[in-house]
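Let me begin by presenting the structure, written as structure tokens, before commenting on it.
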Amino acid sequence: MKKLQQLPEAWQVCLDLAVEGYNAGSMGIAAVIVDKAGNIVARGRNQLRDDKDSCSSIRMSSVAHAEINALNNLPQEYREDRELTLYTTVEPCPMCLGAVAMSRIRAIEIGCADPHAGSIVMLEHNEYLRGKNIAVEYAGGEVEKLCFLLHYLSIRRDLSHNPGHRIFKALARRYPHYVQAIDAVLERDESLHRGDITTEFLYYASARLG
Ligand SMILES: [Zn+2]
């Protein structure tokens, strides 16, 4: 796989923050907002379950999602800017998609799909959201693999592994090969992801996703 350092800067920062979130006990999900010139102007990570000092100002709350934190951290001078792009490691949930629609941001780059809570489909079916003309791109490739890995490990840790649970079923339907490969890695050595995720583990697991 490509080294993290070879990925675009927005994704490097997102993945570093997502790992920080996972290791702190929250979900491994992060977001950044980038201006037209490519500068990162705001960042946020999921901070549902930890109060650690981080870029996120909203913590220990059901709304402490990565995208909400990034939007909340957007400096005042960028709040009317219509040429910003939000990068998020996981497809936004209804709350975060709604929050993006209420901002001036009209472009979203997504690391991996979320077949459980992801709500990009709302952009087509809701007239208000459709009128916002939000452009969506999926990263694919290595970025998708790494983002899904962190998302899947977060859910596995939170729900304990139960393949019959509807969330696991939805993930396995959308990403059958990745789910199978990650489960195989963990079956061989569960200790690999007990505790913190290291960069070495990310490379090791991601290389096995094919
Ligand atoms: Zn959300």
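FYI, it's all coordinate maths here, none of it is from the lab. From a predicted model like this one, the values you see are computed outputs, not experimental measurements. Virtual Cβ from ideal backbone geometry, glycine too; neighbours counted across all protein chains shown.
Remarks
- Rounded to 5, percent antiparallel among DSSP beta bridges of the chain: 55 percent
- Normalising the average separation of contacting C-alpha pairs (under 8 angstrom, six or more residues apart) by the number of residues puts the relative contact order of segment 83-155 at 36 percent.
- Panel order for 41, 63, by other beta carbons found within 10 Å of each beta carbon, from fewest to most: 63, 41.
- Any cysteine of the chain lacking a neighbouring Cys Cβ under 4.7 Å - listed by number: 14, 55, 93, 96
- Just so you know, the Cα atoms of segment 65-105 work out to an Rg and Dmax of 9.7, 27 Å.
- Of all the options 45, 157, 130, the one that moves most in a Gaussian network model of the chain with Cα springs shorter than 10 angstrom is 130.
- Extension gain for residue 200 to residue 162 (0.36 nm times residue separation, less C-alpha to C-alpha distance): 11.0 nm.
- R0 of 35 Å, Cβ-Cβ distance residue 23-residue 208: FRET efficiency to nearest 0.05: 0.95
- Square roots of 5 times each gyration tensor eigenvalue, C-alpha, the chain, largest first, Å: 27, 18, 16
- Fluctuation leader among 49, 106, 188 - the chain, Gaussian network, Cα springs under 10 angstrom: 188
- Candidates 180, 76, 12: whichever shows maximal mean-square fluctuation once the chain is modelled as a Gaussian network with Cα springs under 10 Å: 76
- Under-28-angstrom lysine pairs by C-alpha in the chain, whenever the two are 8 or more apart or on separate chains: 9
- Gap separating the Cα centres of segment 157-187 and segment 42-92, nearest whole Å: 27 Å
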